[in-house]
Amino acid sequence: MAVVSVALPLPIRRDFSYRVPERIPAPEAGTRVRVPFGERVLTGVVVGFEEAETPGLREILEVLDEEPVCPPDLLVAAERVARRFFTSRGEVLKSALPSRLPAAGAAAYRITEKGALARASGTELEILDRLRSGEAVKMADLAMEGKREAIRNLEEKAWIRVVAAGRERPPRSEWAYAAARMEEQEGRRLLGRSRRGQEVLSYLESLGRPATAAEIRAATRVGSAVLRDLFRRGLLLRFEQGRRREPPVLPSGRPNVVLTDGQEAALAQVSSAVRERRFLPALLQGVTGSGKTEIYLRAIAAALEAGRGAVWLVPEIALTPVFARALIRQFGDRAAVLHSALSERERGQAWERVRAGRARAVIGPRSAAFAPVLDPGVFVVDEEHDSSYKQRESPRYDAREVASIRAKTAGAALLFGSATPSMEAWHAAREGRLQLLRLPTRVDDRPLPSVQIVDLKREPFRADEKGVPLFSRPLVERLREVFARGEQAILLQPRRGFAPFLLCRDCGHEFRCSRCSVSRTVHDRGRSLVCHYCGEKGPRPSRCPDCGGGVLEAIGAGTERVADRFAEIFPGVPHAVLDRDTARRRGAAAVVEDVLSGRVACLIGTQMVAKGHDFPGVTAVGVLSADTLLNFPDFRAAEKTFQLVAQVAGRSGRGQAPGTVHVQTFHPQHPAIRHAAAHDVDGFAAEELGFRRAFFYPPFCELAAVLVSSQERERAQTAAEQIGEAARRGGAPGLRLSGPAPAPLERLLGRWRFQILLRASDRRSLLAALETCVPEHPPAGTQVAVDVDPQDLM
Ligand code: ADP
Ligand code: ZN
């Protein structure tokens, strides 16, 4: 009797064992199964086999796939990701897999001897009659009503049985990888003095990826008996995988583009790693407009030419269709887009195309890091610095780390690309953990745009621009010139809506959200108030609820108000807004298309306008307020400001005509602004890393946040204190604790939130500390969330 381990979508950090009943052929690792769990039935993924049977195990109810929906390397990656981010593999897999995934192959049924002799009636009889020829018939091919229940009954009476469907299967090989516990003392102990076992495991360790059984036997000369013994003791896990089919024939790259020397050199390194199946973690640090995208496309072509696959991660869900165009243009139906704005059905179909090997180049936002690409040869992480690669809800994984883990497992190139790398990547490249590939100049030696910092303290105050001057004199002058020449402009305002606050002139009342500790934002040209955290929306009141005052003033400006003001200053100049609101209403691709075609002369928007666009007609960029992010209570505030300003600046002057940038700020001397204006990444990084080192922040420490929340403030605080106390008592060496303290966003959706920050000098100690202080079951009425490598501490 087979026993399988199943990863279940529960916040419990281990797998669960189930027996496979005789009537079901043992499912392969990577197939989905339905299993009983308490009173519920859950869908999980088979992740391995156990040969020792524990009494009292419950049985699998149903196997949903005929072939694994998860390729083996993905199972391995999910396990490592789960450990790395202190979460459960089941939750990682659940978030990886589309929720409406068609069964990978469907079960078929055959009549048994007992069934042939049985006296049945109704639907059961109809089904038996269909099967009497002895042929296997798929569930999908049975048309009668109530067939599911009838089939279940027939199965129970053993009148029919499930068989693998008649579908031809690709040839398979057996693969093995070291179980996670091998990396720990327990595994070493279990292994005892078996020298041959040791050899197998050190071979796998040195390889750093799963190997086929044949590979292991060839490299270590052990017999299959040794392997079987390791499987039996759970020290090795195994799975089967279809062997690769023939590589597709390809046209190579875009022929009319001749690579620059810099591009050529960078591409050569990446391509040779792809061909040699060598893990090459690299940082492509190239100024804006240096032609990074061309390298991504060619690296992907190289992978496909070598018969391998590719994954291209992009930073923004709403912009995925924009980025996807280049990939689809070049690779046609060998490309697939996997993103969450697709319907679940479409996402399921795309997944299946990729899994079955019909599509080999995948593009998408962070969740695409889990794409079931066969034998991936390159992972591109475009705009590597973007914090949207970190998932903010459970499971809190970082797609950059997922890509890295998978690239290592597969022996693939890992290409982080950015003009403004994250401090982590910049530092890793200087320490040699990432191979540094540089593109120091723009294509055709076009100049980087000239940047002028506009000190808002010196701008005259205008009564109609409530609080903050929006359009400084130098910016207006420059924009007039640009529009007169028929060129285009981008204006960045990092807040959406009409204005960030509504304020009562008489008493200063602020109109906060009733459930979150933030002010509500004014939307719809001043007609409504919206909480950006929970979405609560209502009409703007006409009087202050506190003092009854009737003068309510919208303070500051979001993109809506900027657009209004723009129309006043530049009547008749066609403009469009790109932010989350317009992306939802119109689709970002439509707005981008309007800019590319020239229908729109000025694009106004939030950080979405700064991300990777290539608009050759844009010659002026205005950053209306560079200070919004600077004021965030976050150790990355300066880094994010630097990146945003430098990125949006990089949209200017990418075509023939040279570009300009105006950066409006109240802090003209701030290093983030000064270095962004000088396009000086290395200068900024040197200064910023000095600060990070001195105050023990990433990349010089490993950081985790434990967030405790509850409807009642007391409970959240008490639970947080207990966790803090447990961590302190655990006394992991070199551990630094901050808090518990109220989170910067103290209330969210009606819950009170307390935060504890744990910092350690290495990952192992950090995870060990979490192990000692985070309870498996949070105290009654509270929730405990762990965020390893948090990207914001709100
Ligand atoms: P990045 O991603 O580094 O900001 P892009 O890849 O968008 O830069 O390239 C900027 C522009 O230069 C694009 O319009 C691209 O088509 C063009 N380009 C890229 N490489 C070359 C090349 N070798 N020769 C001519 N034009 C190029
Ligand atoms: Zn709210």
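Read the figures in this text as sums done on the coordinates, not as results from a lab. Because the structure is predicted, anything quoted here is derived from the model rather than measured. Cβ atoms come from the backbone with ideal geometry, glycine included; neighbour counts cover every protein chain shown.
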Q) Based on the alpha carbon coordinates of segment 619-748, what radius of gyration and maximum Cα-Cα distance (Dmax) apply, in Å? A) 20.0, 64
Q. Hey, which of these cross-link pairs are over 29 Å Cα-Cα: LYS292/LYS457; LYS94/LYS408; LYS114/LYS147; LYS292/LYS390; LYS94/LYS114; LYS292/LYS640?
A. LYS292/LYS457; LYS94/LYS114
Q. Using 7 Å Cα-to-Cβ label points, what is the ASP546/PHE632 separation (nm, one decimal)?
A. 2.8 nm
**Q.** Positive minus negative residues near VAL609 (Lys, Arg vs Asp, Glu; Cβ under 10 Å)
**A.** +1
Q | Rounded to the nearest 20 debye, dipole of segment 271-396 from Cβ charges on Lys, Arg, Asp, Glu | A | 300 debye
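If R0 is 51 Å, what FRET efficiency do you get for ARG585 and GLU135 from their C-beta distance, rounded to 0.05? Working shown, then result.
Working: r = 53 Å, r/R0 = 1.04.
For ARG585 and GLU135, the calculated efficiency is 0.45.
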Q. Say each of ARG228 and ALA686 gets a label point 7 Å from the Cα, pointing the same way as Cα to Cβ; how far apart are those two points in nm?
A. 6.4 nm
Q: Place +1 on the Cβ of every Lys and Arg and -1 on the Cβ of every Asp and Glu in the chain, take the dipole about the Cα centre, and give the residue among PHE700, PHE279, VAL645 whose Cα lies farthest towards its positive end.
A: PHE279
(Q) Taking the Cα centre as origin and putting +1 on Lys and Arg beta-carbons and -1 on Asp and Glu beta-carbons, what dipole magnitude results for the chain, to the nearest 20 debye? (A) 740 debye
(Q) Cut-off is 10 Å between beta-carbons; in what order do ILE555, ILE300 appear when sorted fewest neighbours first? (A) ILE555, ILE300
Q) Using 0.36 nm per residue, how much length does the chain from ARG23 to ARG713 gain when fully extended, once their Cα-Cα distance is taken away? A) 243.1 nm
Q. Applying the Karplus parametrisation 6.51 cos²θ - 1.76 cosθ + 1.60 with θ = phi - 60° to the phi angles of segment 704-718, what ³J(HN,Hα) value in whole Hz is obtained for each residue in order, glycine and proline being reported as x?
A. 9, 10, 10, 10, 10, 9, 6, 5, 9, 4, 3, 4, 4, 5, 4
Q | All-pairs alpha carbon distance profile, segment 555-602, 10 Å steps from 0, percent | A | 26, 50, 23, 1
Q.
Roughly how far apart, in whole Å, are the Cα centres of segment 203-230 and segment 281-344?
A. 35 Å
Q) Per the Kirkwood definition applied to all pairs of different Cα atoms, how many angstroms is the hydrodynamic radius of segment 295-381? A) 12.3 Å
Q | Phi-based couplings in Hz for segment 149-162 (Karplus 6.51, -1.76, 1.60; Gly and Pro marked x) | A | 5, 4, 5, 4, 4, 4, 5, 4, 7, 6, 7, 9, 9, 6
**Q.** For VAL47, residues with placed amide H under 5 Å, excluding near neighbours
**A.** SER5, VAL6, ALA7, GLY30
Q: First obtain the Kirkwood hydrodynamic radius of segment 252-319 from its Cα pairs, then insert it into the Stokes-Einstein equation at 37 °C and 0.692 mPa s, and state the resulting D in µm² per second as a whole number.
A: 254 µm²/s
Q: Using only Cα positions of segment 408-517, each an equal point scatterer, no hydration layer, compute I(q)/I(0) via Debye at q = 0.09, 0.18, 0.24 Å⁻¹ and quote the log10 values to two decimals.
A: -0.56, -1.09, -1.42
(Q) Placing one identical point scatterer on every Cα of segment 5-122 and ignoring solvent, what is log10 I(q)/I(0) from the Debye formula at q = 0.10, 0.17, 0.18, 0.22 Å⁻¹? (A) -0.34, -0.86, -0.94, -1.30
Q: For segment 395-404, just list the computed ³J(HN,Hα) in residue order, Karplus coefficients 6.51, -1.76 and 1.60, θ = phi - 60°, integers in Hz, with x standing in for Gly and Pro.
A: x, 7, 8, 10, 4, 5, 6, 4, 4, 5
**Q.** Helix-only [θ]222 nm of the chain, DSSP H runs n ≥ 4, -39500 (n - 2.57) each, per residue, nearest 500
**A.** -10000 deg cm²/dmol
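How large is the translational diffusion coefficient of segment 677-794 in µm² per second when you combine the Kirkwood radius over alpha carbon pairs with Stokes-Einstein at 25 °C and 0.890 mPa s?
Estimated diffusion coefficient is 162 µm²/s.
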Q | Cα lying deepest toward the dipole's positive end in the chain, options ALA318, PHE37, ALA583, charges on Cβ | A | PHE37
Q | GLY291 long-range amide H proximity, modeled H, under 5 Å | A | VAL443
Q: Just report the Cα centroid separation between segment 550-600 and segment 1-78, whole Å.
A: 51 Å
(Q) Using 20 Å bins from zero, what percent of all Cα-Cα pairs in the chain falls into each bin? (A) 14, 43, 32, 10, 1
Q: Would you mind checking which residues have amide H under 5 Å from SER528's amide H? H placed 1.01 Å from N; only 5 or more apart, or other chain.
A: HIS523, ARG540
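Which value in Å does the Kirkwood hydrodynamic radius of segment 469-577 take, with 1/r averaged over all unlike C-alpha pairs and then inverted?
Working: mean 1/r = 0.0650 Å⁻¹.
Computed over Cα pairs of segment 469-577, the Kirkwood hydrodynamic radius comes out at 15.4 Å.
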Q | Spherically averaged projected area of segment 465-521 from its Cα convex hull (nm²) | A | 5.6 nm²
Q. Regarding segment 53-134, what whole-number volume in Å³ per residue does the convex hull of its Cα atoms give?
A. 188 Å³
(Q) What does the C-alpha gyration tensor say about the overall shape of segment 48-90? Classify as rounded when a/c is under 1.5, otherwise prolate if a/b is larger than b/c, or oblate. (A) oblate
Q: Go through ALA213, SER17, GLY655 and say which Cα lies farthest out towards the positive end of the charge dipole of the chain; charges sit on Cβ, +1 for Lys and Arg, -1 for Asp and Glu.
A: ALA213
